[in-house]
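Everything below concerns the one structure shown next.
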């Protein structure tokens, strides 16, 4: 009963309470692998990643063929950006249970993060073949198609997700992003508004709407939306630079020096705070430009080993000149 109540609380996102009941179950039966794994999931959601990993390891020591624990550990490794390890854990889960739809979908998420988009789509399709009402897989597949600039197909996948879960705020926002890319701005705004009616504190809904308003030259409204997004989630990628750039366009120069100082500090810390071309118009500092460009490139175009290593050629008398595009 304690195990089941903890699992239910976990599904309701009441993670602290879920941990309490998982602990109660473990007092009664310390060898209950399911309780260790469920507690690990709750700890993961609370961003207590090292503790989560320790709990999955305990579950697997008790039950080495527990495919859900392998997959759950993969999720935490993904959060820690240890992507190769995450994939290895998903593969282990799927070798035990090849019909575990969540394992296929979660591996797809990591492949997407590595920009291995076609592989990610294959994994989402496999998940959906096993679980045709798998809302998250439809949503995730839509996100990958969006990244591939196949916006109409992405919208179709988002519609599949919304037909199953009409109150899925994040999907309304993601569908709005595809309309934005298609320059169907009013439809995009309508979708962001729907997002915020469902989840008023969804920071990305505010920032995404801000980008459309910027595109429509409604700069004051865009600034208000970016400010709201930052008040909810101060570490949204790139938004600080976009906010400052929008303020420049509207002639709003208040606290410019303070904003530039903050952005410079965060670039030096390696944070995704401003896109490199925007920084060019704000500061004359070549080393800072280089750092911002490297941050952007690592995020948008990570190293891809698909072609294998480039072999070194022995030195010859004649100089070879190569052009790499």
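Each reported figure results from applying straightforward, stated rules to the coordinates on display, with no laboratory input. Nothing here was measured: the structure is a model prediction, and the numbers come from that model. All Cβ positions, glycine included, derive from the backbone under ideal geometry; neighbour counts span all protein chains shown.
Side notes on the structure shown:
- Tensor-based shape of the stretch 167-235 (alpha-carbon gyration tensor, a/c under 1.5 rounded, otherwise prolate or oblate): oblate
- Projecting label points 7 angstrom from Cα along Cα→Cβ for residue 287 and residue 197 puts them 5.2 nm apart.
- Only DSSP H runs of four or more residues enter the estimate; each adds -39500 (n - 2.57), and after division by the residues of the chain the mean residue ellipticity at 222 nm equals -22500 deg cm²/dmol.
- Remark: spin-label model distance residue 313-residue 125 equals 3.9 nm, labels positioned 7 Å along the Cα→Cβ axis.
- Taking the fewest neighbouring Cβ atoms within 10 Å as the starting point, the ordered list for 116, 320, 14 is 320, 14, 116.
- Label-to-label distance, nm, for residues given as residue 255 and residue 132 (7 Å Cα→Cβ offset): 5.4 nm
- Considering only 258, 108, 176, the mean-square fluctuation computed in a Gaussian network model of the chain, springs between alpha carbons under 10 angstrom, is largest for 258.
- Estimated at 0.36 nm per residue, the fully extended path between residue 224 and residue 190 surpasses their Cα-Cα distance by 10.5 nm.
- The value obtained for the stretch 237-298, namely the Cα convex hull volume divided by the number of residues, is 68 Å³ per residue.
- Choice from 300, 73, 141 showing the highest fluctuation, given a GNM over the chain with Cα pairs closer than 10 Å: 300
- Relative to the longest principal axis of the Cα atoms of the chain, the long axis of helix 203-215 lies at roughly 30 degrees.
- Theoretical FRET efficiency, 1/(1+(r/R0)^6), r = Cβ-Cβ of residue 277 and residue 57, R0 56 Å, to 0.05: 0.80
- Taking other C-beta atoms within 10 Å as the exposure proxy, 306, 223 rank 306, 223 from fewest upward.
- Calculated from the structure at hand, P(r) over Cα pairs in 20 Å bins from 0, in percent is found among (1) 33, 60, 7; (2) 25, 53, 21, 1; (3) 30, 58, 12, 0 as (2).
- Taking the centroid of alpha carbons for each part, the stretch 1-56 and the stretch 265-325 are 43 Å apart.
- The long axis of helix 286-300 is offset from the longest Cα principal axis of the chain by roughly 40 degrees.
- Stretching residue 17 away from residue 294 to a fully extended chain increases their span by 95.5 nm, per 0.36 nm per residue minus the current alpha-carbon distance.
- Contour minus Cα-Cα distance for residue 5 and residue 29 (0.36 nm per residue): 7.1 nm
- Kirkwood estimate for the stretch 104-222, i.e. one over the average of 1/r between Cα atoms, Å: 14.4 Å
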